[in-house]
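Input: a single structure, listed below in C-alpha cells.
The values are calculated or read from the model by the stated rules, or taken from the named source; none is laboratory data. The model shown is predicted, which means the values in this text are computed figures rather than measured ones. Every residue, glycine as well, gets a Cβ built from its backbone with ideal geometry; the counts of neighbours run over all protein chains shown.
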Amino acid sequence: MTFRTALLFGAAVLSGLTLAPGLSGLEGNGGIIAAAHAETAPAPATDPNAGHAETYKLLTLFGSIFDLVRANYVDPVSDRELITNALNGMLSGLDPHSSYMTEKQYADMQVQTTGKFGGLGLEVQGEDGHVRVVSPIDGTPAWRAGIKPGDYIVAIDGHNIDGAPLNDAVEKMRGKPNTKITLTIIRAKAPKPIIVTLTRDIIQIEKVRSELYDKTGYIRIPQFTEETGEQLRAAYNELKQKAGGKLSGGLVLDLRNDPGGLLTQAIDVSSSFIRNGEIVSTRARHPKDSQRWDAKGSDMTDGLPMVVLINGGSASASEIVSGALQDHHRAVLVGTKSFGKGSVQTIMPIPGNGAVRLTTARYYTPSGRSIQGLGIAPDVTVKESREEPAFSIREADLSHILKNQGGNQTKPPARSDLPELAAHLPDEPPENWPAFDVTKPTTDFQLQEGLRLVRSMAGVAAPDPAASLPPVKPSSDKPAPVKNEVSHH
C-alpha cells in the first residue's frame with residue numbers, strides 16, 4: 001500500500017479553526033481492507049490457526065456485549081451509535097491522536113480546510129472527559145478574548161460539558177458567524193471560573209507575518225499550511241527590502257503556539273535555512289514505509305544569525321523545524337520546552353463511512369532524537385512571565401501516549417557555539433516588566449530577549465530591554481519614604 005506524502009502533524013482537534021490541513025489517505029478503494037490484513041500481528045503459537053481462534057473468541061465477546069447493551073440499556077440506542085462508540089474506543093484507546101470520524105465529522109474537517117465556516121479559533125484537546133485548550137489562534141475571537149493555553153472549558157452557554165465527548169463540545173462551539181457563545185473556563189491560579197462571551201467569526205488560518213525592528217527581522221509562522229514556505233520567502237524578501245538590502249541585526253523566527261500542520265511545509269521551511277543534511281525522518285511499523293528528507297542545498301539568508309522562539313504550544317511541524325535548526329546549529333532556540341508530539345497521523349477515508357485518523361509513524365530529528373513525550377528543550381530558557389506556570393498541557397500529560405522509542409538520544413547535540421550573552425539572559429521578566437499586551441511587542445519578554453540575543457550574534461548593539469523600565473514600586477506593606485515616591489500615570 002502507498003500513502004500519500006502529505007502527512008498530518010497537527011497536535012489536537014480544532015474547534016472553529018481549520019484542522020491542521022495535511023490530509024493523507026490510502027490510494028485505491030481496497031486500501032483499507034489491505035491495511036487491516038497487513039497490520040495483523042502473527043500469532044505467537046506455532047499453530048497458524050491459533051491467532052484466528054483467539055480473534056474469533058474476542059469478536060464473539062464483542063457481539064455478546066453488543067446484544068446485551070442493545071437489549072438492556074436504559075434508553076433505546078441505534079446499532080450505528082453503538083458501533084461508532086466502539087470504533088471511537090478502539091482508536092482513542094491506542095493514543096490521544098488516533099480517532100474515528102463519522103461521515104459528517106469527516107466532511108466538517110474537509111470544510112475546515114477552506115476556512116469558510118464560523119467558529120472561535122481554538123485548538124482543544126480531550127483528556128479524561130475534560131476539554132483543555134492547546135492554543136488560541138492568532139487574530140481569532142478566542143485570541144482576542146484572552147483565552148490561554150491550558151485553560152479548561154467546562155461549560156458552553158451555561159451547560160456543563162465535562163464528561164461529554166470532545167466532538168460534541170467542538171460541534172457546540174462551531175456555528176454561524178456573528179452569533180454569540182458563552183464559555184465558562186477554569187484557569188490555573190484563578191480564584192473562580194472565568195466567563196467569557198464571544199462572537200463567532202469566519203475563521204481563516206492567519207498567514208505568515210513579519211515585522212522589522214530596526215535592522216532585525218521578525219517572522220511569525222502561526223501554522224504550517226500549504227503556502228507557508230512560499231509566504232516565508234516572500235516575508236523575508238520584503239524585510240530585506242525594507243532594511244535596505246540586508247538584515248544586519250539578524251532574524252527571529254517565532255514558532256510559539258504553532259500547533260503544526262503539513263510535513264511538506266515543515267521540510268520546506270527548514271530547507272530555507274539549512275543548506276545540506278537531513279531535515280527529518282519518519283519510522284513506521286514496516287521499514288519500507290519509513291522515509292527521510294534532506295535539505296535542498298540552499299539557505300535563503302546566506303547564514304544570517306537566527307533565533308527561534310518556542311514554547312509549550314509549539315507542536316509537531318514546528319518541533320520538526322526547531323529540532324532541525326537546533327541539531328544543525330543553525331539557530332539558537334529561546335523560550336520554554338515544546339509540546340512533545342513526535343508522531344505522524346494519516347487520514348484514511350472509508351467511502352460512505354467517514355474516515356480513520358491513525359498514528360502511522362514516529363518522526364526523528366537529524367541527530368536521531370525522538371521528541372515524543374519529551375519535547376524540544378530550548379538552548380536558552382526564557383519564560384514569558386513571572387506569574388504564569390509553565391504550559392500546563394503537553395503530550396506527556398495525556399493518557400496512553402505513544403512511547404518514545406527508537407531514538408539514539410534524548411538530548412540535543414552539545415553546543416559550543418552559543419554567544420556569550422546566552423549565559424546571561426534572565427530566565428523570567430523582572431518584577432517591573434509591563435503586563436503583556438498582544439498589541440504591544442515591547443511587552444513580549446521572550447520576543448525582546450530573542451531580539452537582544454540575535455543582535456549580539458550579529459555583532460550590533462543589543463541593549464537590555466529592561467534597562468529603561470521605571471523603578472520597581474515599593475511593596476505596599478513597607479511604605480517608602482516620601483522623598484522616594486514616584487508617581488506613574
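Structure notes:
- Pairs linking a residue in the range 264-283 that is over 12 Å from T301 (Cα atoms) to a residue that is of a type in the set (S, T, Y) and surrounded by 19 or more Cβ atoms within 10 Å (Cβ to Cβ), with Cβ atoms under 6 Å and 6 or more positions apart or on different chains, are Q265/T228; I279/S270; V280/Y363; S281/Y364; T282/Y363.
- Every pair of residues 6+ apart whose Cβ atoms lie under 6 Å, when the first sits in the range 429-440 and is at pLDDT 90 or above and surrounded by fewer than 12 Cβ atoms within 10 Å (Cβ to Cβ) while the second is part of a loop (DSSP other than H, G, I, E, B) and small (G, A, S): none
- Enumeration of residues in the range 276-295 that are under 20 Å from K403 (Cα atoms), under 26 Å from the mean Cα position of the chain (by Cα) and surrounded by fewer than 19 Cβ atoms within 10 Å (Cβ to Cβ): S281, A284, R285, D289, S290, Q291
- Each residue in the range 290-327 was checked for being assigned to a loop (DSSP other than H, G, I, E, B) and small (G, A, S), and 10 of them qualify.
- Options A142, A164, A107; residue that is in the same structural domain as L198 (by TED's automatic domain parsing) and assigned to a helix (DSSP H, G or I): A142
- The residues on offer are A396, A390, A361, and the sole one that is closer than 19 Å to S316 by Cα, modelled with pLDDT under 80 and not in a loop (DSSP other than H, G, I, E, B) is A396.
- When the range 248-275 is filtered for residues that are assigned to a loop (DSSP other than H, G, I, E, B) and surrounded by fewer than 24 Cβ atoms within 10 Å (Cβ to Cβ), the ones remaining, listed by number, are S248, S272, R275.
- Residue list for the range 228-267, filter: hydrophobic (A, V, I, L, M, F, W, C) and under 20 Å from Q326 (Cβ atoms): L232, L251, V252, L253, L255, L263, A266, I267
- Remark: D214 falls outside the filter, which requires a residue to be within 30 Å of R455 (Cβ to Cβ), within 23 Å of the chain's Cα centre (by Cα), charged (D, E, K, R) and assigned by TED's automatic domain parsing to the domain that holds M306.
- Meets criteria (touching a helix residue (DSSP H, G or I) at 6+ places or on another chain (Cβ under 9 Å) and surrounded by 21 or more Cβ atoms within 10 Å (Cβ to Cβ)) for L398: no
- Selection within the range 296-313 - crowded, with 16+ Cβ neighbours inside 10 Å and within 25 Å of G249 (Cα to Cα): D299, T301, L304, P305, M306, V307, V308, L309, I310, N311
- Scanning the range 352-369 for residues that are of a type in the set (S, T, Y), within 19 Å of H286 (Cα to Cα) and surrounded by fewer than 23 Cβ atoms within 10 Å (Cβ to Cβ) returns T359, T360.
- So N408, is it farther than 23 Å from P96 by Cα and surrounded by fewer than 22 Cβ atoms within 10 Å (Cβ to Cβ): yes
- Restricting attention to the range 401-435, the residues being in a helix (DSSP H, G or I) and more than 27 Å from the chain's Cα centre (by Cα) number 4.
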